[in-house]
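The values are calculated or read from the model by the stated rules, or taken from the named source; none is laboratory data. Here the structure is a predicted model, which means the values were calculated and not measured. Here the Cβ positions follow ideal geometry from the backbone for every residue, glycine too, while neighbour counts run over all protein chains shown. The protein model used for the area step is the full one, side chains on, heavy atoms only, and it has no ligands, DNA or RNA in it. Shrake-Rupley method; radii C 1.70, N 1.55, O 1.52, S 1.80 Å.
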Amino acid sequence: MGEGKKTSKRTSRLILTMQEKKKNLERSLLLSPPFPSQSPALFLDRDGVVIEDCHYVCDPNKVRLCLGSRELIEQACRQGIPVVLVTNQSGISRGFFQWENFEAVNERMQELLGPDAPLSAIYANGYGPSGPVNSWRKPSPKMLLEAAMALNLDLNGSIMIGDRLSDLQAGAAAGVATVCHVLSGHGLSARNSVVKWHRQIANTLSTGNSFGIHVPALKLLDTLVSFPDQLFVNSKATQE
């Protein structure tokens with residue numbers, strides 16, 4: 001309870017800052033100052049995880065929260081764990097919508113989440129699959145790495161939740177402790193690929209050919225409602 005109150009007080013004093021990257025297809029919105037000591041974080045994909053995936057959603061009136069997303073973020077905040085959104089938005093480079101539309105959707109999402117479920121940052125990649133190899137586009141871990149530097153986050157104790165394989169691959173490449181796959185959004189069609197990918201990298205570890213490969217724990221969830229709160233306890237334990 002005490003940690004949750006501290007988190008709410010801290011977020012209420014935040015000054016909104018916007019950082020635009022040179023190429024204008026990578027943006028970060030910082031909603032929290034850096035933490036005084038390293039903190040594990042909860043990284044979430046947006047479409048299909050926090051809000052329903054409406055196929056290039058750009059109308060704030062169509063924003064609907066996924067089952068359990070608000071409650072999960074509230075629980076993370078009560079535990080003193082910052083929540084960071086990391087999202088691919090190829091609709092920008094494809095010309096389907098503009099950054100202004102993306103921001104309007106985010107504002108509506110934050111309204112629906114409410115004051116007890118604040119985000120610490122939002123990172124967005126606007127490149128499509130044909131973008132430069134050094135872009136932020138997941139499965140690149142760059143959005144997570146950028147957030148870790150900006151907010152003083154401990155990636156080794158962090159959690160990544162996504163509905164696509166690329167979400168989990170980004171988390172693994174960033175070195176998070178646990179990746180969680182949900183069946184919402186594109187999750188149902190991606191589940192087999194996720195299980196196969198994790199089995200392959202785990203087998204690589206067992207054969208001793210794992211140089212440079214990080215194998216996070218994998219949790220398979222139907223929805224965010226089934227997220228095991230013990231993972232937050234485990235994340236905080238890495239700081240003790």
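Distance from the Cα centroid of the stretch 84-150 to that of the stretch 37-52 is 11 Å (rounded to whole angstrom). In the chain, taking the dipole from charged Cβ atoms about the Cα centre, the farthest positive-side position among Val133, Val233, Ser158 is held by Val133. Across the stretch 125-137, rounded Karplus estimates of 3J(HN,Hα) from the backbone phi angles (6.51 cos²θ - 1.76 cosθ + 1.60, θ = phi - 60°) give 10, x, 6, x, x, 8, x, x, 5, 9, 6, 7, 4 Hz, Gly and Pro being marked x.
Projecting label points 7 angstrom from Cα along Cα→Cβ for Leu112 and Asn61 puts them 1.5 nm apart.
Here the accessible area of the chain is 52 percent carbon and sulfur, with a 1.4 angstrom probe and all protein chains present. Accessible area per residue for the stretch 68-124 is 36 Å², calculated with a 1.4 Å probe on protein heavy atoms, without ligands, DNA or RNA. Straight-line reach from Lys62: taking Cα to Cα under 15 Å and skipping same-chain neighbours fewer than 8 places apart, the aspartates and glutamates in range are Asp47, Glu52, Asp53, Glu103, Glu107, Glu111.
Within the stretch 87-160, report the chymotrypsin sites (Phe, Trp or Tyr not before Pro) that DSSP leaves as loop and that have at most 15 other Cβ atoms within 10 Å. Here the sparse-neighbourhood loop sites are Phe96. Between Val195 and Arg94, the contour length at 0.36 nm per residue exceeds the alpha carbon distance by 33.3 nm. Diffusion coefficient (Stokes-Einstein, Kirkwood radius over C-alpha pairs, 37 °C, 0.692 mPa s) for the chain: 183 µm²/s, rounded to a whole number.
Set the Förster radius R0 to 35 Å, insert the Cβ-Cβ distance between Asn203 and Gln230 as r into 1/(1 + (r/R0)^6), and round the FRET efficiency to 0.05. In this case the efficiency is close to 0.85. The residues packed around Gln230, meaning those with a beta-carbon under 13 Å from its beta-carbon, carry a net charge of +1 if Lys and Arg are +1 and Asp and Glu are -1.
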